[in-house]
Amino acid sequence: MNGRLWHFVGGSAGQFQVTSVTAISGETLPAAPRLFVGQEAPPPSSEAFRLLGVVSNERYATRSEKGELVARQEAMGRAEAREGAMIAIKKNDQWWAMPQDERRAIFEERSRHVQIGMDALPQVARRLHHCRDLESDAPFDFLTWFDFKASDRNIFDDLVACLRDTEEWKYVDREVDVRVVRDGG
Ligand code: HEM
């Protein structure tokens with residue numbers, strides 16, 4: 001098993017109840033009552049969508065940004081963080097045609113992605129999965145996965161609103177925001 005591979009399956013089974021599926025840009029994903037997130041093969045269910053992503057090395061964060069992130073961030077799966085979001089994102093050809101230094105300039109120097117994100121730590125925990133190189137014609141480039149307490153949902157909503165207003169997001173041509181609540185609690 002590839003220890004960095006994660007399945008996100010919308011269907012009739014899974015640890016999370018899906019509360020909304022919203023297309024922010026481009027085509028939506030089919031509605032599903034449950035979301036399975038895991039590293040093993042998902043349980044049998046009637047599937048509406050199945051997405052795959054791998055946790056990978058970092059591309060953009062500098063040494064000092066990484067130090068600050070490690071100092072502030074929490075791991076995913078805190079017992080009290082029962083709400084979550086899986087936001088699937090595809091960037092356009094113009095983004096991928098740029099060299100790394102130009103992408104970094106847009107991502108951080110001009111859009112301040114890490115600095116904006118840092119303000120939501122430690123209330124929001126995150127994990128980034130890459131999909132672009134897993135299959136030709138992958139429907140998304142990234143699966144982003146977050147959890148937070150219900151009482152911190154406004155911090156998450158403000159964060160996504162801020163990011164969607166940046167220059168970086170001009171290169172996003174498909175984005176689907178799936179909100180979930182974990183069973184139990
Ligand atoms: C919770 C606060 C957040 C922090 C601290 C944060 C931080 C980061 C960092 C450090 C990276 C770069 C990783 C690398 O060096 O390769 C990154 C990438 C990314 N983040 Fe965030 N982020 C946050 C929230 C979000 C949100 C809410 C979204 C989606 C709406 C998002 C979407 C992405 C995407 C798509 C990438 C990959 C960009 C690319 O490689 O082109 N992030 N984030």
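The values are calculated or read from the model by the stated rules, or taken from the named source; none is laboratory data. Fair warning: this is a prediction, and the values are worked out from it, not measured in the lab. When we count neighbours, we look across all protein chains shown, and the Cβ atoms used for this are built from the backbone with ideal geometry, even at glycine. Note: areas computed on protein heavy atoms with side chains; ligands, DNA, RNA excluded. Shrake-Rupley method; radii C 1.70, N 1.55, O 1.52, S 1.80 Å.
Over region 137-185, all Cα pairs binned in 10 Å intervals from 0 give whole-percent P(r) values of 18, 48, 27, 6, listed from short to long. PRE reach from Glu58 (point 7 Å along Cα→Cβ): which of region 129-158 fall under 16 Å by backbone N? Counting only backbone N, you get 129-130. Across region 152-164, rounded Karplus estimates of 3J(HN,Hα) from the backbone phi angles (6.51 cos²θ - 1.76 cosθ + 1.60, θ = phi - 60°) give 9, 4, 5, 5, 5, 5, 5, 4, 5, 4, 5, 5, 5 Hz, Gly and Pro being marked x.
Each Lys and Arg adds +1 at its Cβ and each Asp and Glu adds -1 at its Cβ; summed about the Cα centre, region 53-185 shows a dipole of about 260 debye.
With 10 Å bins beginning at zero, the pair-distance distribution over Cα atoms of the chain amounts to 9, 36, 40, 14, 1 %.
Enter the accessible area per residue of the chain (Å², integer; probe 1.4 Å; all protein chains in place).
Values: 9550 Å² over 185 residues.
That works out to 52 Å² per residue.
Taking other residues whose beta carbon is less than 9 angstrom from the beta carbon of Val9, and scoring Lys, Arg as +1 and Asp, Glu as -1, yields +1. Residues whose amide H comes within less than 5 Å of that of Arg82, counting only those at least five positions distant or on another chain, are Phe148, Ala150 (H built at 1.01 Å from N in the peptide plane). Length, then width, then depth: along the principal axes, the Cα atoms of region 30-69 run 45, 21, 14 Å.
I'd like the GluC sites (Glu not before Pro) in region 71-115 restricted to DSSP loop residues with at most 15 other Cβ atoms within 10 Å, sorted by number. Could the numbers behind the result be given before it?
Values: sites: Glu74, Glu80, Glu83, Glu102, Glu108, Glu109; in loops: Glu74, Glu80.
When the GluC sites (Glu not before Pro) of region 71-115 are filtered for loop state and at most 15 Cβ neighbours within 10 Å, Glu74, Glu80 remain.
The alpha carbons of region 104-185 stretch over 39, 31, 17 Å along the principal axes, in descending order. Dipole magnitude for region 5-92: computed about the Cα centre from +1 point charges on Lys and Arg Cβ and -1 point charges on Asp and Glu Cβ, it is near 180 debye. What the phi angles of region 8-25 give under the Karplus curve with 6.51, -1.76 and 1.60, with θ = phi - 60°, is a coupling list of 10, 10, x, x, 9, 10, x, 6, 10, 8, 7, 9, 6, 10, 10, 7, 7, 8 Hz, glycine and proline written as x.
Partners of Lys149 within straight-line reach, counting aspartates and glutamates whose Cα lies under 20 Å from its Cα and excluding those fewer than 8 residues away in the same chain: Glu74, Glu80, Glu83, Asp119, Asp157, Asp158, Asp177, Asp183.
Counting protein heavy atoms only, region 77-179 has 47 percent of its accessible area on carbon and sulfur, 1.4 angstrom probe. Counting only lysines at least 8 places from Lys90 when in the same chain, those with an alpha carbon closer than 23 Å to its own are Lys170. Scalar couplings 3J(HN,Hα) for region 105-116, obtained by applying the Karplus form with A = 6.51, B = -1.76, C = 1.60 to θ = phi - 60°, are 4, 6, 4, 10, 4, 9, 9, 6, 4, 5, 5, 5 Hz; x denotes Gly and Pro.
So which trypsin sites (Lys or Arg not before Pro) in region 1-80 are both in a DSSP loop and have at most 11 other Cβ atoms within 10 Å of their Cβ?
Numbers: sites: Arg4, Arg34, Arg50, Arg59, Arg63, Lys66, Arg72, Arg78; in loops: Arg4, Arg59, Arg78.
When the trypsin sites (Lys or Arg not before Pro) of region 1-80 are filtered for loop state and at most 11 Cβ neighbours within 10 Å, Arg59 remain.
Apolar share of the accessible surface for region 33-74: 51 percent from carbon plus sulfur atoms, 1.4 Å probe.
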